[in-house]
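The next block holds one structure in the form of structure tokens; read it before the comments.
The values are calculated or read from the model by the stated rules, or taken from the named source; none is laboratory data. None of the values given here were measured: they were computed from a predicted structure. Cβ placement follows ideal geometry from the backbone for every residue including glycine, while neighbour counts extend to all protein chains displayed. Each accessible area value is taken on the protein alone, full model and side chains, heavy atoms only, with ligands, DNA and RNA left out. Shrake-Rupley method; radii C 1.70, N 1.55, O 1.52, S 1.80 Å.
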Amino acid sequence: MTLFRSILAILLLTYLGSASAAVRHPLDGLQAEEYLAVRDILVASGDADNTTLFAMIRLDEPPKAEVLAWTSGSKIPRVAWVVLRKGERMFEARVDLDAGKPLSVDEVDNAQSSILDSEFTAAEKVVEADPGWREAMRKRGYKNIDPDQFMCAPLAAGYFAEPQFEGRRIVRAQCFDLKGTKKNVFQRPISGLTVVVDLNQNTVLELSLI
């Protein structure tokens, strides 16, 4: 079910739309063309390619002293802070949009970026295809498993020092029955059924049943 992805897309478009005005101040958010420029700069420098995922691109705000010293009409510094995903590896970069070059690109060990839209979609498909999940749904009275009837929301897993999940990129998927719901997609949770999904391997690690 792609409804969860659609919700995220609406939020993203709303955010990007809020940054459509011309830059007038050092703290003004990045513009649409600046997001695209960040990618082009990193590709040109060899720090990104067509398989690289961008988990975050935002304004790297100038130091407070520089902001206070800035006057209208002066040059506005534009630097972006970026989180990149290359397979299972994560990087943080600072990109000078004025100079058109990266200032730094550093790998970050033992860390996870925010969950990407493509990962939400993949996790939903992994859950819906899992035989254990489908059997659990049948035991709950869902004889015909129709993916369009459900939304399986991959939610942040939290950290509980569980050895079997150490070093993995995981989410805990909770599913919702969409039948009869029009405004609140979280209205009918399917209780007692949680699925732990490894986003790197696209596999179900654990099916928690109550």
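Structure above, values below:
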{"item": "Computed lengthening from R89 to I210, 0.36 nm per intervening residue step minus Cα-Cα distance", "result": "40.1 nm"}
{"item": "Of S113, G87, P131, farthest towards positive along the dipole that unit charges on Lys, Arg, Asp, Glu beta carbons give segment 85-136", "result": "G87"}
{"item": "Dipole magnitude of the chain about its Cα centre (Cβ charges: Lys, Arg +1; Asp, Glu -1), debye to nearest 20", "result": "940"}
{"item": "Cβ-based charge dipole, segment 133-210, positive-most Cα from F165, N184, N202", "result": "N184"}
{"item": "Cα-projected label distance for S45 with K143, points at 7 Å along beta-carbon direction, nm", "result": "6.1"}
{"item": "Dipole magnitude (debye, nearest 20) for segment 77-157, charges at Cβ of Lys, Arg, Asp, Glu", "result": "280"}
{"item": "Accessible area (Å², 1.4 Å probe, nearest 10) - S74", "result": "50"}
{"item": "Answer label, with log10 I(q)/I(0) by the Debye sum over Cα atoms at q = 0.08 Å⁻¹ calculated from the coordinates and candidates [x] -0.31; [y] -0.27; [z] -0.39", "result": "[z]"}
{"item": "Net charge of neighbours whose Cβ lies under 15 Å from the Cβ of A69, counting Lys and Arg as +1 and Asp and Glu as -1", "result": "0"}
{"item": "Anisotropy class of segment 136-210 from Cα gyration tensor, a/c 1.5 cut", "result": "prolate"}
